[in-house]
Structure formats: C-alpha cells, structure tokens
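Student: This structure is in structure tokens; I'll ask about it shortly.
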Amino acid sequence: YTILSKVHSDRNVYPSAGVLFVHVLEREYFKGEFPPYPKPGEISNDPITFNTNLMGYPDRPGWLRYIQRTPYSDGVLYGSPTVENVGKPTIIEITAYNRRTFETARHNLIINIMSAEDFPLPYQAEFFIRNMNVEEMLASEVLGDFLGAVKNVWQPERLNAINITSALDRGGRVPLPINDMKEGVYVMVGADVPFSSCLREVENPQNQLRCSQEMEPVITCDKKFRTQFHIDWCKISLVDNTKQVSTFQEVIRGEGILPDGGEYKPPSDTLKSRDYYSDFLITLAVPSAIALVLFLILAYIMCCRREGVEKRNMQTPDIQLVHHSAIQKSTKELRDMSKNREIAWPLSTLPVFHPVTGEIVPPLHPDTYDNTSMPLMQTQQNLPHQTQIPQQQSAGQY
C-alpha cells in the first residue's frame with residue numbers, strides 16, 4: 001500500500017503514480033558522515049537538520065513534501081506522485097547540516113515514478129483523524145493499522161493509501177500546547193469496490209442533522225477505529241469517480257490553476273458599429289437646454305421685475321421721507337465735523353491772565369501745537385511767572 005525506504009547515498013527508488021510515497025531520512029545514518037567530537041565514553045547526539053530540493057531548483061516538486069519536527073528527530077519526504085511525472089526521473093538533493101560542528105553532507109535521491117495498474121482507483125474516501133500528527137501517521141506501523149481498520153470496514157480487494165495531508169495545510173489552526181493536542185491529519189484511501197453500508201451511514205438525514213448541530217453522528221463501525229484513531233465522521237468525503245459526482249461533501253481542491261475553458265473565441269468582425277449621437281443628445285443636450293431655460297427665468301425675475309427707487313418713493317409717506325432725509329443730512333454734518341478734530345482749541349478754553357498778579361498771559365501754544373490732550377484748566381505749578389507766597393515765620397527769628 002505504500003513504499004518505505006531509508007536514506008542511502010545516491011539511492012534509486014521506484015514509487016507508483018497515485019500511491020503514497022514515504023522516504024525516511026535517518027539521523028543515525030548521517031551521524032557517520034560527521035567526525036565525532038564528544039568526550040570519551042559519551043554518546044554523540046548532535047542536532048541534525050535536512051534541506052531537500054530538486055536538482056537545479058531551490059524547492060521540491062509540487063507533489064513532494066518534507067517534515068522534520070526537531071533537529072533530534074528523523075526527516076520524512078512524502079507525497080503522492082502524479083501521472084504527468086511517470087517515466088521522468090526526479091533527482092532530489094538531500095543536504096544534512098550538523099548544528100554542532102556546522103558541517104554538511106550531501107546525497108542524491110533518484111525517484112523513478114512508475115505507472116500503477118488500475119489507477120486511479122474509482123472509489124476514494126478521505127478521513128480526518130483528529131488525534132494524529134502527520135509524522136505520526138506516516139510511520140509504517142501506524143499507517144498499516146489504519147489501513148487494516150479501513151479494510152475490515154470496507155472489504156475491498158485492493159486498497160491503497162493515496163495521500164496524507166496535515167490539517168494545517170488545509171487552513172487548520174495550530175493546536176494549543178495543552179493536553180497533548182494534535183493538529184489532525186487528512187488521509188485519502190482508494191479501493192476498487194463501492195463504499196460499504198457503514199461508510200454510507202454519514203449520508204443519513206439524522207447524521208447530517210447532527211453534523212449541522214455540531215454533534216457526533218452515530219456510526220456503527222466507529223468502534224473499530226476508536227481504540228486508536230478518533231475520526232471526525234462529519235468531515236469524511238466519499239468520491240465515486242465512476243459517476244464523477246461526490247456522494248457526500250465533495251471537496252475539490254486544485255493546485256491554484258483555473259479550469260480549462262477552451263480556446264479563446266474573439267468577437268466576429270461583422271459586428272455593426274453603434275451610433276452614439278442619440279446618447280450624446282440625451283446625456284448633454286437635454287440637461288443643457290433645461291439649465292438654459294431656468295437661467296432665463298431667473299434673469300427675468302431678477303432684472304425685469306424690479307420695483308425701482310421711484311416706485312418705492314411714491315409708495316412711502318412724505319413725513320417718512322422727510323425724516324429719512326433729515327437723518328442723512330445730520331449724518332453728513334457729523335462726518336464733516338469729525339474731519340476737523342485736529343485743529344487748535346479755541347482761546348476761550350485757556351487762562352488769559354495770571355491768577356495772582358492779574359498779568360495778561362499770552363496763549364501757551366502756537367498754531368501748529370497739538371493740544372488735543374491738554375486739559376481745559378492748567379494747575380498753578382504748570383503756570384510760568386508763578387509767585388511764591390511767603391510762609392509765616394515762627395516768633396523770635398526776626
């Protein structure tokens with residue numbers, strides 16, 4: 001049901017198209033490629049990682065995947081070869097890195113894909129196992145136990161493991177690191193006989209209703225898997241290639257390539273040209289005409305319907321016009337008087353004689369002197385020629 005091989009230098013392997021291929025990269029083998037540097041009596045356990053790529057390219061073929069959880073675990077190459085690669089040798093370069101000594105070792109893996117008999121198998125079922133990681137499922141004994149359980153339920157003559165995919169590659173979330181939670185694995189198997197009644201129980205309306213309510217469906221053969229594998233029966237996919245129709249939850253997953261829609265057929269050259277003159281008139285001419293009419297109506301209202309000053313005066317009482325004219329005349333006089341604020345103050349507002357001697361005092365400012373801020377009456381200390389009044393002397397000082 002699967003091809004398992006262990007790494008060797010320039011090893012040739014012969015997987016079959018449409019059958020799961022698994023190749024293990026063992027750390028124990030590559031340890032001999034690096035010189036040991038541990039102390040005497042100490043076992044070497046160097047961290048080793050692997051890099052795999054198609055010769056002459058930076059990455060692997062699209063059908064081939066690689067996984068290695070930690071530098072202290074083995075690496076695994078796995079995938080399902082396609083029919084397009086039959087007869088074409090694929091050379092995979094395997095580079096091992098010793099993370100302690102920073103040394104490398106390189107080997108080549110030559111994959112010769114062979115055509116499988118009666119491929120593809122017409123009846124394919126994909127199971128989702130919740131309590132497994134992909135590297136655990138790829139182990140030969142675990143995969144053999146699962147295929148044995150499927151064979152007991154299905155009873156086919158031929159049963160092949162077609163592909164294994166991690167739930168993370170299908171958009172699943174990384175599980176929390178509690179209670180030893182697993183990421184989940186999709187396992188697709190194919191057989192040459194129709195699906196058994198047990199597998200078709202997922203099509204019952206009762207089970208479909210329970211799945212829609214996120215409840216476990218009732219499957220009679222679940223106990224044959226439950227001891228080791230926890231299967232999510234709501235995510236099972238049954239595909240009958242003889243009818244090209246999925247019997248339950250058909251999931252079509254491509255490789256990002258659009259389906260072939262046939263050859264491009266350009267439009268015929270005999271198509272008639274379209275006249276857009278009427279569209280132009282409807283789009284521009286009609287709105288412009290409506291805007292022009294509205295403009296003319298507004299211009300007539302604003303220009304030709306004005307009452308004018310004469311009509312206003314004729315409808316206004318005479319007494320109101322007199323009052324209005326008097327207000328305008330008074331306002332004009334006040335504005336004219338405000339222009340003469342910078343002239344000299346009249347002499348009548350200034351003192352013209354000495355307050356003590358009675359002497360005539362001439363004006364204290366010339367005609368050009370700015371006295372707008374001068375007070376109307378000056379204090380005695382500001383007046384010139386002010387006579388000091390003698391104060392009374394005390395007795396005995398004559």
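Student: Among the residues in the range 221-231, are any farther than 27 Å from Gly18 by Cβ, buried (at least 17 other Cβ atoms within 10 Å of the Cβ), in contact with a strand residue (DSSP E or B) (Cβ under 8 Å, 6 or more places away or on another chain) and not aliphatic (A, V, I, L, M)?
Tutor: Yes - at least one qualifying residue is present in the range 221-231.
Student: Still on this model: Within the range 130-143, which residues are among the β-branched types (Val, Ile, Thr) and open to solvent by less than 10 Å² (accessible area, probe 1.4 Å)?
Tutor: Selection gives Val134 alone.
Student: So which of Phe195, Phe127, Phe146 ends up being open to solvent by less than 20 Å² (accessible area, probe 1.4 Å) and part of a helix (DSSP H, G or I)?
Tutor: The match here is Phe146.
Student: Within the bounds of the range 78-89, is there any residue that is under 36 Å from the mean Cα position of the chain (by Cα) and not hydroxyl-bearing (Ser, Thr, Tyr)?
Tutor: Yes, the range 78-89 contains a residue that is under 36 Å from the mean Cα position of the chain (by Cα) and not hydroxyl-bearing (Ser, Thr, Tyr).
Student: Which of the residues that make up the range 149-160 are in a helix (DSSP H, G or I) and open to solvent by 30 Å² or more (accessible area, probe 1.4 Å)?
Tutor: Selection gives Lys151, Asn152.
Student: Taking the condition open to solvent by less than 10 Å² (accessible area, probe 1.4 Å), in the same structural domain as Ile231 (by the TED database), β-branched (Val, Ile, Thr) and under 13 Å from Phe128 (Cα atoms), does Val202 pass?
Tutor: When the stated conditions are applied, Val202 does not pass them.
Student: Take Leu64 and tell me if it is surrounded by 18 or more Cβ atoms within 10 Å (Cβ to Cβ), within 32 Å of the chain's Cα centre (by Cα), outside the structural domain of Met188 (by the TED database) and not hydroxyl-bearing (Ser, Thr, Tyr).
Tutor: The answer is yes for Leu64.
Student: Which of the residues that make up the range 121-165 are of a type in the set (Ser, Thr, Tyr) and either farther than 21 Å from Arg65 by Cα or free of Cβ contacts under 8 Å to residues at least 60 places away in the same chain (or both)?
Tutor: Matches in the range 121-165: Tyr123, Thr165.
Student: Could you grab me the full set of residues in the range 198-219 that are among the hydrophobic types (A, V, I, L, M, F, W, C) and either assigned to a loop (DSSP other than H, G, I, E, B) or modelled with pLDDT under 85 (or both)?
Tutor: Cys198, Met215, Val218, Ile219
Student: Turning to a different aspect of this structure: Restricting attention to the range 161-180, report how many residues are touching a helix residue (DSSP H, G or I) at 6+ places or on another chain (Cβ under 6 Å) and open to solvent by 50 Å² or more (accessible area, probe 1.4 Å).
Tutor: Qualifying residue count for the region: 0.
Student: Another one. Output the residues belonging to the range 220-244 that are part of a loop (DSSP other than H, G, I, E, B) and more than 42 Å from the chain's Cα centre (by Cα).
Tutor: Passing the criteria: Thr227, Thr242.
Student: Still on this model: So for the range 181-191 (the condition being modelled with pLDDT under 90, open to solvent by 80 Å² or more (accessible area, probe 1.4 Å) and in the same structural domain as Ala139 (by the TED database)), does at least one residue qualify?
Tutor: For the range 181-191, residues modelled with pLDDT under 90, open to solvent by 80 Å² or more (accessible area, probe 1.4 Å) and in the same structural domain as Ala139 (by the TED database): present.
Student: Being under 36 Å from the mean Cα position of the chain (by Cα) and of a type in the set (Asp, Glu) narrows it down to one residue among Glu157, Glu141, Glu126; which is it?
Tutor: Of Glu157, Glu141, Glu126, the one residue that is under 36 Å from the mean Cα position of the chain (by Cα) and of a type in the set (Asp, Glu) is Glu126.
Student: Sort out which residues of the range 171-187 are in contact (Cβ under 8 Å) with a residue 40 or more places away in the chain, on the phi < 0 side of the Ramachandran plot and under 31 Å from the mean Cα position of the chain (by Cα), and write them in order of number.
Tutor: Hits for the range 171-187 are Lys182, Glu183, Val185, Tyr186.
Student: Next question, about the same structure. In this structure, is Arg69 in contact (Cβ under 8 Å) with a residue 24 or more places away in the chain, basic (Lys, Arg), assigned by the TED database to the domain that holds Val22 and surrounded by 14 or more Cβ atoms within 10 Å (Cβ to Cβ)?
Tutor: No.
Student: For the range 27-55, give me the residue count where each residue is open to solvent by 50 Å² or more (accessible area, probe 1.4 Å), at pLDDT below 85 and more than 15 Å from Thr104 (Cβ to Cβ).
Tutor: Number of matching residues: 9.
Student: For the range 99-118, name all the residues that are touching a residue at least 24 places away in the same chain (Cβ under 8 Å) and in contact with a strand residue (DSSP E or B) (Cβ under 6 Å, 6 or more places away or on another chain).
Tutor: Selection gives Ala105, His107, Asn108, Leu109, Ile110, Ile111, Met114, Ala116.
The values are calculated or read from the model by the stated rules, or taken from the named source; none is laboratory data. From a predicted model like this one, the values you see are computed outputs, not experimental measurements. Virtual Cβ from ideal backbone geometry, glycine too; neighbours counted across all protein chains shown. Each accessible area value is taken on the protein alone, full model and side chains, heavy atoms only, with ligands, DNA and RNA left out. Shrake-Rupley method; radii C 1.70, N 1.55, O 1.52, S 1.80 Å.
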